[in-house]
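Shown next, in structure tokens, is the structure this report addresses.
What follows draws every value from the coordinates through simple rules; no lab data is involved. Quick caveat, the model's predicted, so the values are computed rather than measured. As a convention, Cβ positions derive from the backbone with ideal geometry for all residues, glycine included, and neighbour counts pool all protein chains shown.
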Amino acid sequence: MKPITVTDDSFEKDILLSGKLSLIDFWAVWCGPCKAIAPIIEEIANEYDGKVLVGKVDVDENNQVAMKYGVRAIPTLIIFKGGQEVDRIMGNTQKQNIVQRIQKFF
């Protein structure tokens, strides 16, 4: 399963109202660290398919959601549960760190 593409228009329906534990990657095409972390995000989407909704928000095309959540640097990963932000990881990080942070919310 690949991460879903989330937009300003779809964010509320896809993430906040889904009721699912979600990991959202705020990124941009030109961002080197975003490219570096992208394969990790894909691995997590595959390994946690059915348990965690993994999505990507391109901040250049969807800046309303990024502004609403105060995303000032990318990549920023935000974990949502029950429609609320429950954790945030900023910058390029190791897969193990992301997985540990997600598993706290199972």
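Annotations for the structure displayed:
- Short-range pairs are left out: with C-alpha atoms under 8 Å and at least six residues apart, the relative contact order of segment 4-103 is 38 percent.
- Label-point separation, K51 to Q84 (7 Å along Cα→Cβ), nm: 2.3 nm
- Computed over the chain with a Gaussian network model linking Cα atoms closer than 10 Å, the most mobile of L77, L16, L53 is L16.
- For the residue pairs K13/K35; K51/K81; K20/K95, alpha carbon separations beyond 18 Å are given by K13/K35; K20/K95.
- Label positions at R72 and W30, each projected 7 Å from the Cα along the C-beta direction, are separated by 2.0 nm.
- The residues neighbouring I4, those whose beta-carbon lies less than 15 Å from its own, together hold a net charge of -4 under the Lys/Arg +1, Asp/Glu -1 convention.
- Zone residues, segment 13-42, relative to I4, backbone N less than 15 Å from point 7 Å out along Cα-to-Cβ: 13-25
- Positive-end residue, the chain charge dipole about Cα centroid, Cβ charges, pick of I102, A36, T76: I102
- Placing +1 on the Cβ of every Lys and Arg and -1 on the Cβ of every Asp and Glu, with no other charges, gives segment 1-74 a dipole of roughly 180 debye about its Cα centre.
- Radius 13 Å from Cβ of E42, net charge of other residues (Lys, Arg +1; Asp, Glu -1): 0
- Neighbours of K20, meaning other residues whose beta-carbon lies under 9 angstrom from its beta-carbon, give a summed charge of +2 when Lys and Arg score +1 and Asp and Glu score -1.
- Estimated inter-spin distance, E61 and T93, nm [label 7 Å along Cα→Cβ]: 2.6 nm
- Assigned charges on the beta-carbon of Lys, Arg, Asp, Glu; segment 37-83 dipole about Cα centre (debye): 340 debye
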